[in-house]
Amino acid sequence: MTFHQFAYRNVIRNLRIYAAFFMASFFSVFVFFIYSMLMFHPKIDRGFLGNVPILWMVVAEIILVLFTWFFIFYSMKAFLEARSKEFGILLHLGMERRQLSKLVFLETIIIGVMSIVLGIIFGYSFSKFFFMIVREILMLDELPLYLSWEPFVLTFAVYLSAFIVISMVSVHFSPQRKIIDLMQGPKGGNYTVTYTKTRTLLGIVLILLGYWLSIVMTRTSLYSFSILIPILITFGTFYFFSDSTQYIVESLKKKKIVYWKNSRMLPLAEQTFILKNNGKMFFVVTMVSTLAFLSVGLLSTLSSYTSQYDKLNPLGLIYKGHIDNPYEGTHVSTLVSQLEERGLSYHLTRFTVKKQTSSYTQYEVEVFRESDINSLLFSYGYPMVRLSEGEGMFIPYTEESIKKLSKRTIETVLVENNIPIKIDQVYPKLIFPGSIVSLNSIIISDEDFAKLVNPYKGYPNVEPGYHLFTFDIPQWIETTDIGLSIQQNVSAEYLKDEYLLPYYFENAGLNYSYILSTYSLFTLVGLLVAAVFLLAAGSFIYFKLHTNLENEKRKFDALKRMGISDNELKSLVTKHLFPQFFLPWGVALSHSLFAFIAIQKVLKNVANISIVKELIFALLFLVLIQVIYFYLIRWRYIAHVRD
């Protein structure tokens, strides 16, 4: 038997240890390859697939590569520890340490090449189906399967280099242990409980402080808190698993009513050493799982926004321009002709909006005419506005503002024309998107509007008002190619330091197509990346369990000789495994929930969007996956300790 055959047979004999590592590596290669197939697709032109930027595809690729390097490095350390007894026997039989390093290197390369080859084969086989999904959700004419060397070479080069470099580094920097120590097998762990009350308190305080900042976060503190909170949570989580958990278990052991009841003594005593020896692993699993939960949660947020988009944007096209806008006639006639060419029905309403100064606030107020508003409301099928002279009505800018403004009664005077107005009601539905009208907009009667002959006090330095053209289009989702030239001018102007165009244009159908495409792309990227994270997080625990499996088997053998029943064995295994699985995932879930509390507050203020329903569904789905994964590992673990 040659040396290479010996390495190959070692891999086959240790499939139990290598299984989780192989599956996580295989799935990572699989995801990376299909992303690469999409990025190198011939339909991509200067970084765009259709109208969708692929920046996030590149970001996902980078995240996958960095995470895979870390994952392989951690796995290599677990493998070397799990097979220390085998290595000790080989060294005792005369194998040189240089040959042992070569053996480990060859075994890692064999596993790596197998996962790369199978990942690429399955990735290419799945690419056709993947392209069909992408074509439908991005509304492309075609996205055929193709054959090109770039995705294959990129995937093979990235992952093979990862396996080669990390296997060499892991073997080179492994501590030189004596043969007698190696032959004793994996150590059961350090049985000395070491924690300090200072670090114990610090871990809890830092996490609670991060949670508190998430709750009190506002739009103004968003940027500073979004940097500070992850730092607090990261350090707090590290100290929590290194010290706080040990302190909590030791405190429970001192309470006899808890510690001495039924069969709690054995699992509680065992958790002391598990938490001590696996603190770093629990920290890694928690942070990786948090990233996975956040990925899925962000997809839920985007899903919530896309599902509420039509409610937040009731109009198909909106054209807004200065009173003396020279492009108004040409642009509006162009939009009308394009709608008629497409055969899209629409209702056009023209508004003349005037600015005045409110004596109540001394600020600018935008004034709409009752008949103009009723023309749009008729198109919506909403109730008409009925105002007498001297009466006014608030125009809501969000759903929340309807409740707030309905409780207000204001008596003001439009200063420039000395017109008294009493405003004690708000229109009960959204009329315009929040980005179109100001937060201080009102409707007055036609009679009062006719009296607004004097312009706003800031004129001519400030525009005294504007013209607004709204197109209520039932099939607004089909307006993606209406007014493209106008939209391009507006988009180009926004990239400049100052917006100088005398008009603004918004196409809800076009914007929705961008949002839907981005959401769909995030879904494809996020779900697959989250799946890699969750699979790897479970693999970390799997590696650790199998590293000390021989020691655990001896413990359970001793218990069986003492007369423990099969049901009691299962109960003890469950109590033994449960904290190792659900403590880090529970902490990760808690981190994610508070992160989304902050996101919900910001979204509620910015766009009046609720993500609670989608978020609960997504997190419950993740919890279900983790429970299934736990029982699968528990089933295999019980089978091993019974042997």
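Some values worked out for this structure:
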| item | result |
| --- | --- |
| Gain on full stretching of the segment that runs from LEU66 to VAL413 - 0.36 nm per residue minus C-alpha separation | 118.6 nm |
| FRET efficiency, 1/(1 + (r/R0)^6) with R0 56 Å, evaluated for VAL165 and ALA558 via beta carbons | 0.85 |
| Pairwise label distance in nanometres, GLU86 with ARG636, each label 7 Å out on the Cα-Cβ vector | 1.5 |
| Members of LYS320/LYS403; LYS355/LYS403; LYS197/LYS280; LYS422/LYS451; LYS355/LYS422; LYS320/LYS354 lying beyond 21 Å, as alpha-carbon distances in this model show | LYS320/LYS403; LYS355/LYS403 |
| Debye-sum result for the range 317-509 in log10 I(q)/I(0), which assumes one identical scatterer on each alpha carbon, at q = 0.16 Å⁻¹ | -1.09 |
| Simple label model, 7 Å out from Cα along Cβ direction - LEU154 to TYR459, nm | 5.8 |
| ILE625-THR352 pseudo-label distance in nm [points 7 Å out on the Cα-to-Cβ vector] | 5.9 |
| Segment VAL205-LYS422, length gained on full extension (0.36 nm per residue, minus Cα span) | 72.9 nm |
| FRET efficiency, LYS451 to LYS429 (Cβ-Cβ, R0 35 Å, nearest 0.05) | 0.80 |
| Nonlocal amide H pairs with TYR427, under 5 Å, H built at 1.01 Å | PHE394 |
| Ranked list, fewest to most other Cβ atoms within 10 Å of each Cβ, for TRP212, TRP635 | TRP635, TRP212 |
| Using a Förster distance of 41 Å, the FRET efficiency for TYR327-ILE402 (Cβ separation, nearest 0.05) | 0.75 |
| Extension gain (nm, one decimal) between THR198 and ILE616, 0.36 nm per residue minus Cα-Cα | 146.9 nm |
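Each reported figure results from applying straightforward, stated rules to the coordinates on display, with no laboratory input. All of these numbers come straight from a predicted model, not from anything done at the bench. Every residue, glycine among them, receives a Cβ derived from its backbone with ideal geometry; neighbour counts consider all protein chains shown.
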